[in-house]
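Here is the structure we will look at.
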Number of protein chains: 2
Amino acid sequence: MRIAIDAMGGDHGPAMTVAGALLAAKEWNDAHIVLVGDEALITPHLPAGGAPSNVTIHHASDVIAGDDEPVRAVRRKKDASMVVCGRLIREGAADAMISAGNTGALMATGLLIVGRIDGIERPALAPMLPTMDGSGFLALDLGANMDSTEHNLLQYAIMGSVYRNKVHGISKPRVGLLNVGTEAGKGNELTKAAFPLLEQAPIHFVGNVEARDLLHGSCDVLVCDGFAGNILLKAMEGTAGAVFKALKTEFTRSFISKLAAAILKPGLTAFKQKMDYTEHGAAPLLGIDGLVLKCHGSSDSNAFKNAVRQARIAHTSGLVGAISSETSRKRDG
Amino acid sequence: MRIAIDAMGGDHGPAMTVAGALLAAKEWNDAHIVLVGDEALITPHLPAGGAPSNVTIHHASDVIAGDDEPVRAVRRKKDASMVVCGRLIREGAADAMISAGNTGALMATGLLIVGRIDGIERPALAPMLPTMDGSGFLALDLGANMDSTEHNLLQYAIMGSVYRNKVHGISKPRVGLLNVGTEAGKGNELTKAAFPLLEQAPIHFVGNVEARDLLHGSCDVLVCDGFAGNILLKAMEGTAGAVFKALKTEFTRSFISKLAAAILKPGLTAFKQKMDYTEHGAAPLLGIDGLVLKCHGSSDSNAFKNAVRQARIAHTSGLVGAISSETSRKRDG
């Protein structure tokens, strides 16, 4: 299989993307990595003896910046590394693409360059969020669409369930609907309309779930509109960050508190990492007619290697075809 | 002024409500507390020598339970302590009411028994949420209405601003709109439509605020629809709870970690209390034509006393009249 990596994307640029590609190429012989970007900036990061046989460069002269207006940039910068990755998928020259670049532009690339799966109204961004036991849950949509209909939520639910099944091997993923209470009649107009659709969908629907129970692993897939999902993610992130910051203040208050903190530190550091959702792999853009994976901007080489792992599994398992057939099954039924 | 306390409401019933009323009556001579509820259950908690002159009992034979369906219960249980409190306000026999009972029923009491301020479409529940520095912010709506229009959000903004000004003495409360990014064009259809209305409102609008910045005190009043507000609150609550639980596990892992924990405990306990939003006083139901304050179910006598303090300030400052004139000023302008 051929995996295109947007070599220019992410906070660290080619230094990390190329290092990640090399790690992945060494680990998986069956994966051919195409580094897409400025050849002059990529080459210095390759080994002195030249790239391994399953790593090639596809030159692209332009780059989409973090502050570029997404749709406009994707339409105009036809030779941007991210856009070229999308084109490689559409033309059948790549099976998957990985980028740590501008999230909005990546969604626009998926939508405008790669294209949607037939019948999917809105693709969804689906990162893993942390749980206390480290297993995590897939949340979608987390920012691709600010306004959703109940039919969008139904498709998110099916796509998320298929992903967890195919890529993570969960036989009956528990799908929950983000809501203000667990009872069936709770919620706003959107969640009230979505509830009966999810009950009839070909998924294991476990009903409404509350934001406060998510960290305890109340579901494997969380369905929500992009606005509520963003509020959820940032509230979790902000609260965890604030608490850890306050801990640090307490820990450094005096000599004796520093001693005490040193004793507790290993366990707390492990827990903090578990809570860091950026450690939980790349987020797929589901509903696109091809594999598009979003890495966090701060990704290191290991994160890119892990994204290649995800792409391999998703490709081998036939994820995109399964999403297409499961969502059309629902439509035809 | 006369303040009606729903003596039957809350997890601890008359034991705590009566104790709180006695504390308040002792502290403020100008406050007359009316304990509304079952006389036979209230009397045992009064001092042996009888109640002080500024505490009286208003007998009410019925009670609204925690699992009662709110609107139905308020309509049918005409002699429930909470409903009678509402009727005392409507009839001018009380200036404010305080209850720790069923939140939905209290909102229904406000709406159906006390009534809305002329021109207010939707009253809003407005608790204080914590910030790292302990000052907190008022968030509304937090659960009175699951679906809101941009005009509802505008009224929430004005009501919240007036409350912070009148009751907390903040001369120019910073009002923020809960959103997915700080830039002006961000958000879903609702927040995009609300933004220009808030810009033109007679408030100090500081623009969009993100969930992750709230704990750092980015605003004094947070405007949001009840669904998003609930997700926010429960995500903050759930994450803080999960982190503190994980800390506890680390702290009790071994003898030496217990020792270390003992050193750090005082500072952490103080911080935990600061993060506990149930410590931040009673939540007003704003937009009701009278003062209705919701205490947390687990409130102790001190929390009820503090609610009386809030009611006194709100009454003295002319809160309800100010909300009425500020919101109608906006309408007329």
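Each value in this text was obtained by applying a stated rule to the coordinates, not by laboratory testing. Please read these numbers as outputs of a predicted model, since none were measured by experiment. Backbone-built Cβ (ideal geometry, glycine too); neighbour counts: all protein chains shown.
Points to keep in mind about this one:
- Whether the protein assembly as shown is rounded, prolate or oblate, judged on the alpha carbon gyration tensor where a/c under 1.5 counts as rounded: prolate
- Quarter of Cα convex hull surface for the stretch B:81-151, i.e. mean projection, nm²: 6.2
- For the stretch A:194-240, the equivalent ellipsoid derived from the alpha-carbon gyration tensor has semi-axes of 23, 12, 7 Å in decreasing order.
- Residues A:220, A:141, B:133, B:147, ranked from the fewest to the most other C-beta atoms within 10 Å, line up as B:133, B:147, A:220, A:141.
- Sorted from nearest, the other copies put their residue B:321 label points 7.6 nm away, the label point being 7 Å from Cα in the direction of Cβ.
- Point-charge dipole on Cβ atoms (K/R +1, D/E -1) for chain B, about Cα centre, debye to 20: 540
- Between the alpha-carbon centres of the stretch A:222-250 and the stretch A:40-85 there is a gap of 33 Å.
- Shortest-first nm distances, residue B:184 label point to equivalent points in other copies (7 Å, Cα→Cβ): 4.7
- Mean separation of Cα contacts under 8 Å (6+ apart) over length of chain A, as relative contact order %: 23
- Subset of A:265/B:272; B:166/B:234; A:274/B:245; A:234/A:274; B:248/B:272 violating a 21 Å alpha-carbon distance limit: B:166/B:234
- Rg ratio (alpha-carbon, reference 2.2 N^0.38 Å) - the stretch A:125-280: 1.19
- Inter-chain neighbour count for A:203-211: the average number of beta-carbon atoms from partner chains within 10 Å of each residue's beta-carbon is 2.
- Here the Gaussian network model covers chain B, with springs between Cα atoms less than 10 Å apart; of B:268, B:111, B:198, B:268 fluctuates the most.
- The Cα atoms of the stretch B:25-172 give a gyration tensor whose axes a ≥ b ≥ c have a/c of 1.5 or more with a/b no greater than b/c, which makes the shape oblate.
- Projecting the Cα atoms of A:313, A:214, B:23 onto the charge dipole of the protein assembly as shown (Cβ charges, centred on the Cα centre) puts B:23 farthest toward the positive pole.
- For residue B:10, the residues whose modelled amide H falls within less than 5 Å of its own, excluding neighbours fewer than 5 places apart on the same chain, are B:100, B:101, B:102.
- Enclosed volume per residue, in Å³, of the convex hull spanned by Cα atoms of chain A: 147
- Considering helices alone, the calculated mean residue ellipticity of chain B at 222 nm is -14500 deg cm²/dmol, with DSSP H runs of length four and up weighted by -39500 (n - 2.57) and normalised per residue.
- Mean separation of Cα contacts under 8 Å (6+ apart) over length of the stretch A:260-333, as relative contact order %: 23
- Exposure rule at most 16 other beta-carbon atoms within 10 Å, DSSP loop GluC sites (Glu not before Pro): chain B longest free segment: B:184-333
- Averaged over the residues of A:186-192, the number of partner chain Cβ atoms lying within 10 Å of the residue Cβ comes to 4.
- For the stretch B:219-273, the orientation-averaged shadow of the C-alpha convex hull comes to 4.7 nm² (one quarter of the hull surface).
- The H on the amide N of residue A:55, modeled in the peptide plane, is under 5 Å from the matching H of A:33, each at least 5 residues off or on a different chain.
- Placing +1 on the Cβ of every Lys and Arg and -1 on the Cβ of every Asp and Glu, with nothing else charged, gives the protein assembly as shown a dipole about its Cα centre of roughly 1060 debye.
- Only the Cβ atoms of Lys and Arg (+1) and of Asp and Glu (-1) were treated as charged; on that basis the dipole of the stretch B:1-118 about its Cα centre amounts to roughly 260 debye.
- Dipole of the protein assembly as shown, positive end: most advanced residue of A:136, B:322, A:124 [Cβ charges, Cα centre]: A:136
- Peptide A:128-138 - average C-beta neighbours from other chains (10 Å radius): 1
- Within chain B, DSSP assigns beta bridges of which about 20% are antiparallel (rounded to the nearest 5).
- Separation between Cα centres of the stretch B:124-185 and the stretch A:159-192, rounded to whole Å: 30
- Note on the stretch A:1-139: antiparallel DSSP beta bridges, both residues inside, total approximately 10 percent of the bridges counted.
- Of all DSSP-defined beta bridges confined to the stretch B:128-244, some 15% are antiparallel rather than parallel.
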